Amino acid sequence: MKSVYKRILLKLSGEALMGDQEFGISSDVITSYAKQIKEVADLGVEVGIVIGGGNIFRGLSGAAQGIDRVTGDHMGMLATVINSLALQNAIESLGVPTRVQTAIEMPKIAEPFIKRKAQRHLEKGRVVIFGAGTGNPYFTTDTAAALRAIEINADVVIKATKVDGVYDKDPVKFSDAVKYEEVTYTEVLNKDLRVMDATAISLCRENRLPIIVFDSLVEGNIKKVIMGENIGTKVIEG
């Protein structure tokens, strides 16, 4: 069995880590992610990961509570580092070497993000988790995922979500929502399909980097995506 992709950037949602909880990290979810990542790494695929922090703190929600937006965004970045360390621990417990690199330097717990070093880790078969977003306020972890994917020369951005693809409207609220098999970057922006934020989509479009959106809570789906199975929705150039 051969993967369609040699190097991927996997974008994981912080909220998905909560599982059925209202806050924090579900051991079941993080273990499932770790097993799926090991499956992919065992095939020889080079895996970079960006993970959100919404299960712990979101800058925008902090701003709504009166926290300065820049401060709130920095708190959100720290939340992504907590998730990165937890995921690193779960992956390494399965015997897969893993490194965390952060956009905000914190040398006691992780390496600083250095493009060449990240690429070298990937070449050596190590999973690399990129924490702290872009290191800048006002930028989401979606944008961080697009940026890191371009920097490490990934073949694709694989966005893990709680739904099985991109729909023309919210499938939870509307039973007649229609799922796209493929959609263009321009359609995503024009129709405000909420695949990723506009900055991330624009970065991917400019660099012709495909995005696949799929349901990551079904075990085995990450492997299916990288093997080229037709699950989820592909965002490509028109």
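Just so you know, all these numbers are worked out from the coordinates, no wet-lab data involved. Just so you know, these numbers come straight off a predicted model, no measurement behind them. Note that each Cβ is placed from the backbone with ideal geometry, even for glycine, and that neighbours are counted across all protein chains shown.
Annotations
- Helix runs (DSSP H) in the chain reaching 24 Å along axis by Cα, Kyte-Doolittle at least -1.0: 69-92
- For the pair Asp68 and Ala177, label points projected 7 Å from Cα toward Cβ lie 3.8 nm apart.
- Considering only the chain, percent of DSSP beta bridges that pair antiparallel, nearest 5: 15
- DSSP beta bridges in region 104-238 [antiparallel fraction, %, rounded to 5]: 40
- For the peptides 196-203, 139-146, the ranking by packing is 139-146, 196-203, with the highest mean count of neighbouring Cβ atoms within 10 Å listed first.
- Taking amide H as placed 1.01 Å from N in the peptide plane, Ile129 has its amide H under 5 Å from the amide H of Ile49, Arg99, Val100, Gln101, each at least 5 places away in sequence or on another chain.
- Gyration tensor verdict on region 136-238 (Cα atoms; rounded if a/c is under 1.5, prolate if a/b is larger than b/c, oblate otherwise): oblate
- Rounded, prolate or oblate (a/c below 1.5 giving rounded, otherwise prolate when a/b exceeds b/c) for the chain by Cα gyration tensor: rounded
- Sorted by Cβ density within 10 Å, fewest first, the residues Ile51, Ile222: Ile222, Ile51
- Dipole axis of the chain (+1 Lys, Arg; -1 Asp, Glu on Cβ), positive-most option in Val127, Gly19, Ser84: Val127
- Panel order for Phe130, Phe23, by other beta carbons found within 10 Å of each beta carbon, from fewest to most: Phe23, Phe130.
- Using Cβ point charges alone (K and R +1, D and E -1), the dipole size of region 72-187 about the Cα centre works out to roughly 620 debye.
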